[in-house]
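Below you'll find the structure, written out as C-alpha cells, and then a few comments.
The values are calculated or read from the model by the stated rules, or taken from the named source; none is laboratory data. Remember, predicted model here, so these are calculated numbers, not experimental data. Cβ coordinates were reconstructed from backbone atoms using ideal geometry, including for glycine residues, and neighbour counts include every protein chain displayed.
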Amino acid sequence: MANLDLNRPFLPINIAVLTVSDTRTLDNDTSGDALVARVVAAGHHLARRMIEKDDAPAIATLLNRWIDDPAIDVVITTGGTGITGRDVTPEAFDAVLEKRIEGFGELFRMLSYAKIGTSTMQSRAIGGVSRGTYLFALPGSTGAVKDGWDGILLSQLDNRHRPCNLVELMPRLQEHLKAAE
C-alpha cells in the first residue's frame with residue numbers, strides 16, 4: 001500500500017460487518033465473507049457480524065446498538081444500496097448519521113466507474129459518522145466490496161496512511177459532545 005509511514009506502529013481497530021439482504025445467510029453471504037476476510041487480513045478485529053433483512057427501521061436499530069457499543073469503532077455494511085424498492089440501507093443510515101462523509105460515496109463511484117461504467121450511477125454507497133463511530137455502506141456484490149475495501153477503506157482505516165487517515169481522527173469525533181457538557 002502506498003503512502004504508509006512504516007515508522008508508526010499499526011493500530012488495529014474493531015470493525016463490525018453487516019450484510020443487508022432478504023435472501024442471504026451466513027452460508028451463502030459471499031460479499032460479507034469477502035469483507036470479513038479483508039478486515040482480518042488487514043490486521044483489524046472483527047467485532048461483530050450479522051445479516052439483517054432489508055428493513056430500514058430494523059437496520060437503524062441495529063446500527064444504533066452498534067454505534068453505542070464501545071467495542072465497535074467502525075461499521076461496514078454490504079447490500080441494500082441500490083435503487084429498487086427493497087434497497088433501504090441509505091435510508092437507515094440517514095436515520096442515524098450525524099455527519100456524512102460525502103467523499104466516500106463519490107470516490108467509491110469513481111473507482112466503480114472504471115470497472116462497470118455508467119452502471120455505477122445505481123449505487124448509493126454512503127459513509128458517515130455517528131457518536132464517534134464510522135459507518136460505511138457498500139453495495140452487495142463481492143466485486144463492490146473488494147473495490148470499496150481495497151480502494152478506499154484499507155488505507156483510510158490504517159493509522160500509518162499518509163498524509164492523513166480516519167483512524168487518527170477517532171479521538172476527536174466526539175468533541176462536539178464534550179463541548180456541550
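Restricting the search to strands (runs of 3 or more DSSP E) fully inside the range 14-101 and requiring at least 3 residues that are not hydrophobic (A, V, I, L, M, F, W, C) gives 45-52.
N165 satisfies every condition listed in (1) of a type in the set (S, T, N, Q); (2) touching a residue at least 12 places away in the same chain (Cβ under 8 Å); (3) assigned to a loop (DSSP other than H, G, I, E, B) except (2). Evaluation of I72 against the conditions (1) surrounded by fewer than 18 Cβ atoms within 10 Å (Cβ to Cβ); (2) β-branched (V, I, T); (3) in contact with a Lys or Arg (Cβ under 8 Å, 6 or more places away or on another chain) shows that the sole unmet condition is (1).
Being part of a helix (DSSP H, G or I) and over 27 Å from E52 (Cβ atoms), is that true of even one residue in the range 124-144? No. Just to verify a result, which residue in the range 82-118, among those that are closer than 28 Å to G132 by Cβ and of a type in the set (V, I, T), is surrounded by the most Cβ atoms within 10 Å (Cβ to Cβ)? For the range 82-118, the residue satisfying everything is T89. Counting only residues that are surrounded by 12 or more Cβ atoms within 10 Å (Cβ to Cβ) and either in contact with a Gly (Cβ under 6 Å, 6 or more places away or on another chain) or among the hydrophobic types (A, V, I, L, M, F, W, C) (or both), the range 1-42 holds 20 of them. Of all residues in the range 1-27, those satisfying the criterion of being more than 19 Å from the chain's Cα centre (by Cα) and over 19 Å from T81 (Cα atoms) are M1, A2, N3, L4, D5, L6, N7, R8, P9, F10, D27.
Condition check for G151 on (1) under 26 Å from N64 (Cβ atoms); (2) at pLDDT 95 or above: one failure, at (1). The requirement of being assigned to a helix (DSSP H, G or I), free of Cβ contacts under 8 Å to residues at least 12 places away in the same chain and at negative phi is not satisfied by S155.
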